[in-house]
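Written out below as structure tokens is the structure these notes cover.
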Number of protein chains: 2
Amino acid sequence: MTSSNISELSDIYTLDVPDMDIWPKAEKILTARVSSGDIYVDWEDGRVSRFQALWLREQCPCIQCHSEITRETLFDITDLSIDVQAKICVLDADGYLIVQWDQDGHESRYHPGWLRANCYDDWARTGRETGKPTWDKDFEIPAFEAGGVLEDDDQLYDWLVALDRYGLTRLYNASTDTGTVEKVANRIGQIRPSNFGSIFEVVSRPDANSNAYLSVELPLHMDLPTRETPPGLQFLHCIVNDAEGGESLFADAFHVAKFLKQTAPEVYEIVTTVDYPFRNRALDCDYRTAGPLIRLDADGHPVESRINTFLTAPITHLPHDQLKKALEARHHLMRLVKEDRFRVQFKLRPGEIVAFDNRRALHARTEFFPNTGNRLLEGCYLDRDDLHSALNMQARRKRCEAIRKSEAT
Amino acid sequence: MTSSNISELSDIYTLDVPDMDIWPKAEKILTARVSSGDIYVDWEDGRVSRFQALWLREQCPCIQCHSEITRETLFDITDLSIDVQAKICVLDADGYLIVQWDQDGHESRYHPGWLRANCYDDWARTGRETGKPTWDKDFEIPAFEAGGVLEDDDQLYDWLVALDRYGLTRLYNASTDTGTVEKVANRIGQIRPSNFGSIFEVVSRPDANSNAYLSVELPLHMDLPTRETPPGLQFLHCIVNDAEGGESLFADAFHVAKFLKQTAPEVYEIVTTVDYPFRNRALDCDYRTAGPLIRLDADGHPVESRINTFLTAPITHLPHDQLKKALEARHHLMRLVKEDRFRVQFKLRPGEIVAFDNRRALHARTEFFPNTGNRLLEGCYLDRDDLHSALNMQARRKRCEAIRKSEAT
């Protein structure tokens with residue numbers, strides 16, 4: 001966000017909600033009532049929201065409960081009774097929900113737009129669930145004009161949505177100046193430094209501290225599997241690429257996982273639960289970690305892959321029979337990953353930037369031949385946190401603009 | 001590591017192992033034999049190690065298998081047969097294990113020290129398991145002289161061991177110059193920047209973007225619970241602290257977790273499995289995540305807490321009955337965290353640095369009164385990755401020195 005965006009938001013920002021977000025008042029409450037201490041809200045569109053009393057009490061936006069400067073919570077949550085109940089609830093003239101609590105007579109006032117955005121009844125929770133589509137060799141990588149992304153917030157938003165959704169995007173018509181990748185990354189957030197620096201140059205060199213800096217073929221992999229949380233985003237900006245070879249390949253680990261689950265559930269079980277160890281090689285640092293090759297969330301959806309075959313460390317925490325099964329399962333998965341049906345392949349052109357989710361879109365490079373020409377990429381990492389924060393901020397900006405527009409008419 | 005340390009290591013570093021570590025040759029193999037394709041090693045001390053064939057084949061340190069420049073794996077692991085077997089194994093004149101493989105006749109040579117350090121038989125795995133002690137109000141915080149840690153690698157190592165083990169340490173006799181905390185942090189690794197910058201000043205200010213920058217009491221909490229992986233380390237350097245109040249408190253979330261598990265297992269089950277949402281408040285960024293209040297590893301040991309009561313976000317993913325139980329369980333845990341029996345309390349003096357595991361040692365501050373004096377701390381974050389890498393490098397240095405010493409005698 002530029003500083004002008006920020007001041008636009010502070011302009012419209014109020015103390016009506018327990019955070020610093022902005023919500024439309026378009027959602028209208030018809031009636032509100034108390035039942036067994038919980039609060040029921042009837043919306044104009046016929047939906048009903050039930051708010052559990054303690055849940056709603058904790059979210060009271062008043063300046064005794066949430067700092068008017070930071071909007072962070074000021075009270076001690078354990079000072080509230082877990083059995084707190086609403087005594088009275090009514091609507092005020094602006095359509096806000098007013099609740100008086102039995103415990104201490106405290107009165108809270110809730111913004112209807114905030115209530116609607118945060119309610120959690122079955123219909124609301126279901127509406128919010130969104131699966132991400134996965135892709136294979138026929139994927140047309142979403143492409144965006146670099147200048148538009150750099151200068152226009154709406155184009156930035158569209159790019160971020162695609163990056164979050166597919167984990168693989170291309171930017172075209174970028175400058176071939178060094179430093180370009182940093183400018184693009186800064187549209188999202190802070191670059192995450194590593195032992196390879198903030199901005200790294202992918203070029204063949206004699207003192208390589210990574211296979212990436214040799215000219216050898218790199219199999220499909222992610223970077224920094226040796227870190228507890230590997231970088232969520234990786235950007236590679238092509239500056240020169242006229243050597244023979246050096247084509248780029250990508251595969252969607254989440255798509256491979258889906259296929260594996262269907263075709264070999266017993267292998268899927270192992271690669272999603274066994275901790276496989278990884279370790280970097282260097283004279284000045286020694287990063288190690290272990291994790292499943294595919295990590296699932298509480299609902300069983302893949303959220304992260306940890307796939308890299310040149311930074312593995314020996315498994316030393318399993319007994320023999322489990323160890324053998326773990327090695328076999330990794331073999332099975334890695335053979336699958338290599339299959340043509342999963343991979344898109346192309347040669348990066350100067351002025352192109354490929355931006356991808358390092359924990360989902362595996363990348364590879366065919367061998368290149370330094371004696372036939374040059375190949376130079378500039379790259380950097382960011383965290384998923386920063387992608388999501390940037391997306392949230394752009395969504396906030398769009399809500400802000402919509403509210404202004406509706407107020408102007 | 002300073003550059004002189006690094007060159008010391010490259011001096012002794014060889015291509016005998018599939019990484020860049022250093023191992024003593026003191027461990028002597030008496031005999032080696034093949035059985036059902038796996039390799040059995042009889043050690044001088046009577047121990048026996050069994051190495052699964054594929055496991056050992058993957059670790060072949062030769063320069064066809066592992067780059068002589070990067071030591072990263074060069075072959076495609078799926079080109080190895082999962083049924084690869086050892087055909088012959090013998091010891092060479094230097095006591096190394098030589099294995100010839102049936103698949104392609106490839107010959108591998110293994111360093112005995114590396115084999116011993118990485119073997120995984122029941123006796124070896126058991127020997128490696130180390131639990132970390134937890135602490136309560138009677139904890140004497142391990143204290144180290146700041147100058148020693150800055151200048152002497154052995155004192156650095158001792159400090160890092162304590163920091164990793166207890167998650168809470170103090171440094172004394174540090175300078176009160178600004179910039180000191182950065183120097184200390186750089187003994188471990190790269191500072192992790194956040195939306196509060198690389199180095200943050202904890203001081204009461206009117207434009208606060210965190211409750212930390214007000215003068216209010218801060219309840220026991222961790223920083224940045226809003227990030228997928230919150231910083232593993234936090235350092236706070238006391239420069240001035242002559243205002244009334246502003247005492248520091250710490251509690252070991254892993255100790256509280258242990259107590260909770262014994263006294264209320266049903267609550268423990270909820271706080272270790274339900275994802276609780278967190279969200280920061282700011283006009284320029286919007287970080288959100290969700291996770292259990294206590295996260296367990298595969299063996300059921302606490303590895304991370306996510307405890308903060310002023311950056312919570314409303315739970316919107318659970319149905320009513322589960323939501324109520326989740327709120328009640330959090331209440332239960334937070335009441336426990338506040339109990340005197342768990343907390344150490346003291347007032348930081350100028351020239352003191354408190355260094356702690358932000359995901360384990362919860363910290364708090366009593367209210368202070370800016371009209372009675374000044375209070376200024378400088379702080380920064382690092383990742384656990386960097387602590388562990390620094391510890392691994394120091395351990396490597398110590399092995400290196402021991403080998404030199406034994407070779408000199």
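The values are calculated or read from the model by the stated rules, or taken from the named source; none is laboratory data. If you're wondering where the values come from, they're calculated on a predicted model, not measured in any experiment. For neighbour counting, all protein chains shown are included, and Cβ atoms are generated from backbone atoms with ideal geometry for every residue, glycine included. Note: areas computed on protein heavy atoms with side chains; ligands, DNA, RNA excluded. Shrake-Rupley method; radii C 1.70, N 1.55, O 1.52, S 1.80 Å.
Seen from all directions on average, the stretch A:3-129 presents a Cα convex hull projection of 8.8 nm². Considering only A:THR226, A:THR176, A:THR14, the mean-square fluctuation computed in a Gaussian network model of chain A, springs between alpha carbons under 10 angstrom, is largest for A:THR14. Residues B:GLU151, A:GLU201, A:GLU407, ordered by accessible area of protein heavy atoms at a 1.4 angstrom probe radius and largest first, appear as B:GLU151, A:GLU407, A:GLU201. The C-alpha atoms of the stretch A:178-226 occupy a region whose extents along the principal axes are 33, 24, 19 Å, arranged from largest to smallest. When only Cα pairs below 8 angstrom with a gap of at least 6 residues are kept, chain B shows a relative contact order of 21 percent. Each label point was placed 7 Å from the Cα along the Cα-to-Cβ direction; for A:VAL48 and A:ALA124 their separation is 1.5 nm.
Residues in the protein assembly as shown average 40 Å² of solvent-accessible surface per residue, probe 1.4 Å, ligands and nucleic acids excluded.
Inter-copy label distances at B:LEU296, using a point 7 Å along Cα-to-Cβ, come to 1.8 nm with the shortest given first.
Equivalent-ellipsoid semi-axes for the stretch B:58-172 (Cα gyration tensor, √(5λ), whole Å, largest first): 43, 18, 14. Taking label positions 7 Å along the Cα-Cβ direction at both B:ALA408 and B:VAL303, the computed distance is 4.0 nm, reported to one decimal. The distance separating the Cα centre of the stretch A:316-358 from that of the stretch A:43-93 comes to 48 Å. In this calculation the C-beta distance from B:THR178 to B:LYS132 is compared with R0 = 45 Å, giving a FRET efficiency of 0.85.
Computed from Cα atoms alone, the Kirkwood hydrodynamic radius reported for the stretch A:253-316 is 12.6 Å. Using C-alpha pairs below 8 Å separated by at least 6 residues, the relative contact order for the stretch B:83-216 is 12 percent. Between A:ARG33 and B:ASP154, the modelled label-to-label distance comes to 7.8 nm, taking each label 7 Å out from Cα in the direction of the beta carbon. Restricting attention to the stretch B:143-390, lysine pairs at least eight places apart or on different chains and with alpha-carbon atoms under 29 angstrom apart total 11.
Comparing the full protein assembly with the isolated chain (1.4 Å probe, heavy atoms, ligands and nucleic acids excluded), the residues of the stretch B:45-70 losing at least 40 square angstrom of accessible area are B:GLN52, B:TRP55, B:GLU58, B:GLN59, B:ILE69, B:THR70. Inter-chain Cβ neighbour count for B:376-387, averaged per residue, equals 2 (cutoff 10 Å, partner chain atoms only). Using all pairs of distinct alpha-carbon atoms, the Kirkwood hydrodynamic radius of the protein assembly as shown works out to 29.0 angstrom. Of the residues in the stretch A:273-297, those shielded by at least 40 Å² of accessible area once partner protein chains are present, compared with the chain alone at a 1.4 Å probe, are A:ARG279, A:ARG281, A:LEU283, A:ASP284, A:ASP286, A:TYR287, A:ARG288. Once all protein chains are placed together, B:TRP23 keeps about 50 Å² accessible to a 1.4 angstrom probe.
Computed over the stretch B:143-390, the convex hull of the alpha-carbon atoms projects to a mean area of 13.6 nm². Converting phi to 3J(HN,Hα) with the Karplus coefficients 6.51, -1.76 and 1.60 and the offset θ = phi - 60°, the stretch A:304-316 yields 6, 10, 9, 10, 6, 9, 10, 10, 6, 10, x, 5, 10 Hz in sequence order, with x at every glycine or proline.
Among the protein heavy atoms, those of A:CYS65 account for about 0 Å² of accessible surface (1.4 Å probe, every chain in place).
Heavy atoms of chains A and B lose about 8100 Å² of accessible surface on contact, summed over both sides with a 1.4 Å probe. Rounded to the nearest angstrom and listed largest first, the equivalent-ellipsoid semi-axes of the stretch B:96-238 from its Cα gyration tensor are 43, 19, 18.
Quick note on the stretch B:327-409: its Rg to Rh ratio, both from C-alpha atoms and Rh being the Kirkwood radius, is 1.18. Label point of B:VAL161 (7 Å along Cα→beta-carbon): distances to the other copies' equivalent points are 5.6 nm, sorted ascending. Accessible area of the protein assembly as shown with a 1.4 Å probe: how many percent of it is carbon plus sulfur? Taking all protein chains in place, the protein assembly as shown shows 47 percent carbon and sulfur surface. Adding -39500 (n - 2.57) for every DSSP H run of four residues or longer, then dividing by how many residues chain B holds, sets the calculated 222 nm ellipticity at -8500 deg cm²/dmol. For the stretch A:299-369, the mean projected area of the C-alpha convex hull, equal to one quarter of the hull surface, is 7.6 nm². With a Förster radius of 22 Å applied to the beta-carbon distance between B:ARG341 and B:THR366, the computed FRET efficiency rounds to 0.75. Amide H to amide H distances under 5 Å link A:GLU145 with A:TYR172, where only residues 5 or more positions off or on other chains count and H is placed in the peptide plane. Nearest-to-axis residue in chain B, judged by Cβ distance to the rotation axis that brings B onto A and given in whole Å, is B:THR229, 2.
Please compute the contact order of the stretch B:3-129 in relative form: average sequence separation of alpha-carbon pairs under 8 Å and at least six residues apart, divided by the residue count, as a percent. About 25 percent, as a whole number.
Putting +1 on Lys and Arg Cβ atoms and -1 on Asp and Glu Cβ atoms, find which of B:TRP114, B:ALA53, B:SER36 reaches farthest to the positive end of the dipole of the stretch B:3-129. Ranked along the dipole, the leading option is B:SER36. Summarising the amide proton neighbourhood of A:TYR276: residues at separation of 5 or more, or on other chains, whose placed amide H is nearer than 5 Å comprise A:GLY291, A:LEU293. Each copy carries a label point for B:ASN374 at 7 Å from Cα toward Cβ; from one copy, the others' points are 5.2 nm away, ordered from shortest.
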